[in-house]
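K.L.:
Quick one: this structure, given as structure tokens, is what I'll be asking you about.
The values are calculated or read from the model by the stated rules, or taken from the named source; none is laboratory data. Because the structure is predicted, anything quoted here is derived from the model rather than measured. A quick note on method: Cβ atoms are made from the backbone with ideal geometry, for glycine too, and the neighbour counts reach across all protein chains shown. Areas reflect the complete protein model, heavy atoms only, side chains present, ligands, DNA and RNA absent. Shrake-Rupley method; radii C 1.70, N 1.55, O 1.52, S 1.80 Å.
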Amino acid sequence: VVLLVSAGLFVRSFRALQATELAFDPQGLALMDVNLPSQRYPAIPEQVLFYDQLLDRAAAMPAVTGVAGTTQPPGWSAGMTFSFAIEGRVASNLNGREDDEAVHAVTPGYFEVLGRRMIRGRPFDGNDRIDATPVVIINESLARKHWPGGNPIGERIAFRVGDTPWREIVGVVQDARLESPDVSPHPAIYVPAAQRTWPWLTYLTVMARTANGTDPVAITEGLRQALLDLDPQLPPESITTVEAAFRENTASRTFAMALVGGFGTLALILSVVGLYGLITYTVSRQRREIGVRIALGAPAGEVVGGVMRRTLGLTLAGVSVGVLGALLAGRFLQGLLFGVEATDLTTYVTTVGIVVVV
């Protein structure tokens with residue numbers, strides 16, 4: 001029963017994981033991580049120019065329908081976090097700024113390539129350069145946190161008041177599960193890569209979306225060559241796909257699901273064979289008694305009912321102990337489950353039902 005319940009929980013968890021709404025399309029996305037050496041590319045204009053040229057080359061590749069750059073691609077869990085001030089507000093923190101939130105530097109086309117929907121305002125475009133009005137885009141979570149029920153469009157924030165300019169919020173984008181399907185969205189701020197003011201931010205991931213039906217792995221060599229054509233001394237740090245990155249991030253969870261699911265299947269087979277065999281043997285031992293009772297006029301229903309009462313009594317006693325064991329085991333399984341509680345009623349009722357029906 002413990003194994004059956006555990007397997008049922010993991011099956012429901014796996015289905016919940018597969019059905020999770022990511023709010024972007026992970027299929028057909030290739031990723032290439034690039035990190036410019038600061039000795040050869042020390043200034044922001046040089047870095048911006050290099051990445052603009054790289055993105056142009058990637059966009060010109062056959063089977064590529066869109067490209068963009070980001071400092072935190074889908075599948076990454078690490079990234080930048082900055083505290084910030086909101087114009088006209090006094091933060092409760094001693095430093096005068098709000099709590100740290102995730103900050104992503106992205107190029108124009110980032111939201112379009114991912115397929116993320118703008119809730120309000122506009123996405124970044126080619127006019128958001130270093131000499132233009134500094135702008136940012138925030139996601140729904142950040143908007144709900146700092147402007148609950150309000151409209152943040154037109155509000156301004158600054159990462160270091162007095163050192164960096166106020167940045168106008170021009171858009172609110174829908175939340176998305178970018179780190180992994182099993183990680184909930186968190187508040188985030190998006191800055192145009194061309195308007196960043198941090199020379200140390202030399203890395204960028206090129207995202208390239210392929211046409212329908214084209215395996216993104218097929219364009220990875222082309223992306224590598226586009227980078228080497230610009231700088232033969234600069235190989236990519238890594239090349240992968242979003243789907244591969246997500247598989248790696250959920251590997252431990254899916255492995256546990258597969259392992260326990262396999263044991264659960266074995267337990268189901270053993271339960272069916274064992275219960276059926278045991279009860280068949282027990283009833284066969286009572287054949288003479290049953291024959292005598294029928295010969296003395298006992299109704300067939302009464303005879304069958306007596307057998308059922310005895311066997312169901314033993315079954316329910318065993319199931320009760322098993323359910324208690326499963327509840328205790330659930331405390332240790334909860335960290336591996338997704339979208340389902342270890343005390344999920346449907347799983348327990350289904351498991352008990354299977355055993356009782358057998």
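K.L.:
Averaged per residue, what accessible area in Å² does the range 242-358 show with a 1.4 Å probe, protein chains only?
P.N.:
Values: 7530 Å² over 117 residues.
The answer is 64 Å² per residue.
K.L.:
Next question, about the same structure. Taking the Cα atoms of the range 253-358, report the difference between the largest and smallest coordinate on each principal axis, in whole Å and largest first.
P.N.:
60, 22, 17
K.L.:
Further question on the same structure: Among the helices of the chain (complete DSSP H runs), which have Cα atoms covering no less than 30 Å along the helix axis and a Kyte-Doolittle mean of at least 0.5? Show your work: numbers first, answer last.
P.N.:
Numbers: long enough: 251-285 (50 Å, 1.27); 300-333 (48 Å, 1.21).
Qualifying helices: 251-285, 300-333.
K.L.:
Taking only Cα atoms of the range 112-194, what ratio of Rg to Rh do you get with Rh as the Kirkwood inverse-distance radius? Let's see the in-between values first.
P.N.:
Working: Rg = 13.1 Å, Rh = 13.5 Å.
Ratio value, two decimals: 0.97.
K.L.:
While we're looking at this one, here's another question. Taking each pair of distinct Cα atoms in the range 120-277 once, what is the resulting Kirkwood hydrodynamic radius in Å? Before the final figure, lay out each step's value.
P.N.:
Details: mean 1/r = 0.0493 Å⁻¹.
In the range 120-277 this quantity evaluates to 20.3 Å.
K.L.:
Restricted to Cα positions, what overall size does the range 1-129 have along the principal axes? Three whole-Å values, descending.
P.N.:
Result for the range 1-129: principal-axis Cα extents of 64, 53, 35 Å.
K.L.:
What is the spin-label model distance, in nm, from D215 to V356 if the labels are put 7 Å beyond Cα along the C-beta direction?
P.N.:
Those two pseudo-labels are separated by 5.0 nm.
K.L.:
Using only Cα atoms, figure out Rg for the range 194-275 and give it as a multiple of 2.2 N^0.38 Å. Kindly include the intermediate steps, with their values, before the conclusion.
P.N.:
Numbers: Rg = 22.1 Å, N = 82, 2.2 N^0.38 = 11.7 Å.
Dividing the Cα Rg of the range 194-275 by 2.2 N^0.38 Å gives 1.88.
K.L.:
Using +1 on the beta carbon of Lys and Arg, -1 on that of Asp and Glu, and nothing else charged, what's the dipole of the chain about the Cα centre, debye to 20?
P.N.:
Details: 29 positive and 33 negative charges, 392 e Å.
For this selection, approximately 1880 debye.
K.L.:
Right, next: Between R89 and I119, what FRET efficiency follows from the Cβ-Cβ distance if R0 is 22 Å, with the result rounded to 0.05?
P.N.:
Details: r = 22 Å, r/R0 = 0.99.
According to the calculation, E is roughly 0.50.
K.L.:
Which of A211, A16, A298 moves the most in a Gaussian network model of the chain with Cα springs under 10 Å?
P.N.:
A298
K.L.:
Which value at 222 nm does the chain reach when only helices count, each DSSP H run of 4 or more adding -39,500 (n - 2.57), with the total divided by all residues and rounded to the nearest 500 deg cm²/dmol?
P.N.:
Mean residue ellipticity at 222 nm (helix-derived): -14500 deg cm²/dmol.
K.L.:
Write down the Kirkwood hydrodynamic radius of the range 62-148, to one decimal in angstroms, obtained as one divided by the mean of 1/r over all alpha carbon pairs.
P.N.:
One decimal place: 15.2 Å for the Kirkwood radius.
K.L.:
Now a separate question. Per the 1.4 Å probe, what fraction of the accessible area of the range 293-358, in percent, lies on carbon and sulfur atoms? The partial results should precede the final answer.
P.N.:
Values: 2980 of 4070 Å².
Ligands and nucleic acids excluded, carbon and sulfur reach 73 percent.
K.L.:
Need one number: % antiparallel among DSSP beta bridges in the chain, to the nearest 5. Could the numbers behind the result be given before it?
P.N.:
Values: 31 of 42 bridges.
Around 75 percent of the beta bridges assigned by DSSP in the chain are antiparallel ones.
K.L.:
Okay, moving on. Once you charge only the Cβ atoms, +1 for Lys and Arg and -1 for Asp and Glu, what is the size of the charge dipole of the range 45-101 about its Cα centre, to the nearest 20 debye? Write out the running numbers ahead of the final one.
P.N.:
Details: 3 positive and 8 negative charges, 22 e Å.
The calculated dipole for the range 45-101 is roughly 100 debye.
K.L.:
If you put +1 on each Lys and Arg Cβ and -1 on each Asp and Glu Cβ, how big is the dipole of the range 207-352 around its Cα centre, in Debye rounded to 20?
P.N.:
Details: 11 positive and 11 negative charges, 279 e Å.
Roughly 1340 debye for the range 207-352.
K.L.:
Further, regarding this structure: Which residue, T210, A251, L328, has the largest displacement toward the positive end of the dipole of the chain when charges sit on each Cβ (Lys, Arg +1; Asp, Glu -1)?
P.N.:
Farthest along the dipole direction, towards plus: L328.
K.L.:
Let me ask something additional. D for the range 232-284, whole µm²/s, Stokes-Einstein with Kirkwood Rh over alpha-carbon pairs at 10 °C and 1.306 mPa s: what number?
P.N.:
Numbers: Rh = 15.2 Å.
Approximately 105 µm²/s, per Stokes-Einstein.
K.L.:
Looking only at Cα atoms, what is the convex hull volume of the chain per residue, in Å³?
P.N.:
With only Cα atoms used, the chain gives 192 Å³ per residue.
K.L.:
Right, another one. Can you tell me the Rg and the Dmax, both Å, for the Cα atoms in the range 32-78?
P.N.:
Here Rg and the maximum Cα pair distance are 12.4, 35 Å.
K.L.:
With r defined as the distance between the Cβ atoms of Q286 and L328 and R0 fixed at 45 Å, what FRET efficiency is calculated, to the nearest 0.05?
P.N.:
Details: r = 36 Å, r/R0 = 0.79.
For R0 = 45 Å, the calculated efficiency reads 0.80.
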